[in-house]
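*Asks:* Below is a structure I'd like to ask you about.
The values are calculated or read from the model by the stated rules, or taken from the named source; none is laboratory data. Note that the coordinates shown come from a computational prediction; the quantities given were computed from them, not determined experimentally. Counting neighbours? That spans all protein chains shown, and the Cβs are built from the backbone with ideal geometry, glycine included.
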Amino acid sequence: MIKTVVLTGLLLLFQFGSGICYDLKTGEALFNDPSLGTNGKSCATCHPNGKGLEEAGEYNVEMLTEFMNFCIRDALKGQLLPHDDPRLAAMEKYVRTFYKPKK
Ligand code: HEC
């Protein structure tokens, strides 16, 4: 009984953990992917190594998603993504890795 619980726990942890890694990799790939837009630029063109996104980690999910979508539309000349699009969720996780809290 205990064994089953522990094993199930480990399995869940593993799946959850690899899910996060998967999202981060996907987010990074999308961040560098010019096919989100139509003008040949990617997020990384203007935000190399997260330039300008050091404080974006302070936004809540809705705000950050909104900002990313504005950049997709205005800076990449692309199509707004639906709010529940997994690509936005993956990029959001990635953008948060640039967060540098102010001292
Ligand atoms: C053509 C240049 C350009 C491209 C390409 C671009 N951005 Fe931006 N982005 C900007 C500018 C300019 C701002 C506003 C700058 C500021 O507030 O310091 C901004 C602001 C942001 C913000 C809000 C930052 C803040 O702290 O308020 C986020 C988040 C963001 N961009 C994400 C993205 C993502 C994700 C992509 C790719 C889908 C992207 N940007 C593509 C130029 C660009």
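*Asks:* Starting from the stretch 70-91, take each residue that is under 13 Å from residue 31 (Cβ atoms) and more than 9 Å from the ligand (Cβ to nearest atom) and list its partners that are of a type in the set (Asp, Glu) and not in a loop (DSSP other than H, G, I, E, B), counting only C-beta distances under 6 angstrom and pairs at least six apart or across chains.
*Replies:* Going by the 6 Å Cβ cut-off, the qualifying pairs are 90/23.
*Asks:* Could you tell me which of the residues 77, 41, 51 is of a type in the set (Lys, Arg), modelled with pLDDT of 95 or more and in contact with a Pro (Cβ under 7 Å, 6 or more places away or on another chain)?
*Replies:* Sole residue among the options that is of a type in the set (Lys, Arg), modelled with pLDDT of 95 or more and in contact with a Pro (Cβ under 7 Å, 6 or more places away or on another chain): 41.
*Asks:* How many residues are away from the ligand (no atom under 16 Å from the Cβ) and either within 17 Å of residue 95 (Cα to Cα) or in contact with a helix residue (DSSP H, G or I) (Cβ under 9 Å, 6 or more places away or on another chain) (or both) when one looks only at the stretch 11-27?
*Replies:* 4
*Asks:* Could you tell me which residue of the stretch 57-74 is nearest to residue 46 (Cα to Cα), considering only residues that are among the aliphatic types (A, V, I, L, M) and surrounded by fewer than 17 Cβ atoms within 10 Å (Cβ to Cβ)? Reasoning before the result, please.
*Replies:* Going through the stretch 57-74, the residues among the aliphatic types (A, V, I, L, M) turn out to be 61, 63-64, 68, 72.
Filter again for surrounded by fewer than 17 Cβ atoms within 10 Å (Cβ to Cβ), leaving 61, 63.
Working: 61: 21, 63: 19 Å.
By that ranking, first place goes to 63.
*Asks:* Something else now. Please name all residue pairs, on different chains or six or more residues apart, with Cβ atoms under 8 Å, provided the first residue is in the stretch 1-27 and is under 21 Å from residue 86 (Cα atoms) and in contact (Cβ under 8 Å) with a residue 12 or more places away in the chain and the second residue is of a type in the set (Gly, Ala, Ser) and loosely packed, with under 10 Cβ neighbours inside 10 Å.
*Replies:* Sorted first by the residue in the stretch 1-27, then by its partner, the list stays empty.
*Asks:* Output the residue which, of all residues in the stretch 28-48 that are part of a helix (DSSP H, G or I) and out of contact with any Phe, Trp or Tyr (no Cβ under 7 Å at 6 or more places or on another chain), is nearest to the ligand (Cβ to nearest atom). Explain how you work it out, then say what you get.
*Replies:* Within the stretch 28-48, the subset part of a helix (DSSP H, G or I) is 28-31, 34-36, 43-46, 48.
Filter again for out of contact with any Phe, Trp or Tyr (no Cβ under 7 Å at 6 or more places or on another chain), leaving 29-30, 34-36, 45-46, 48.
Working: 29: 12, 30: 7, 34: 9, 35: 11, 36: 5, 45: 5, 46: 3, 48: 10 Å.
Selected residue: 46.
*Asks:* Looking at residue 51, is it surrounded by fewer than 11 Cβ atoms within 10 Å (Cβ to Cβ) and within 12 Å of the ligand (Cβ to nearest atom)?
*Replies:* yes
*Asks:* A further question follows. Within the stretch 28-65, how many residues turn out to be within 22 Å of residue 84 (Cβ to Cβ) and among the β-branched types (Val, Ile, Thr)?
*Replies:* Summing the residues that are within 22 Å of residue 84 (Cβ to Cβ) and among the β-branched types (Val, Ile, Thr) in the stretch 28-65 gives 2.
*Asks:* Ok, one more. Which condition number does residue 21 fail, the rest of (1) part of a helix (DSSP H, G or I); (2) of a type in the set (A, V, I, L, M, F, W, C); (3) surrounded by 17 or more Cβ atoms within 10 Å (Cβ to Cβ) being met?
*Replies:* (3)
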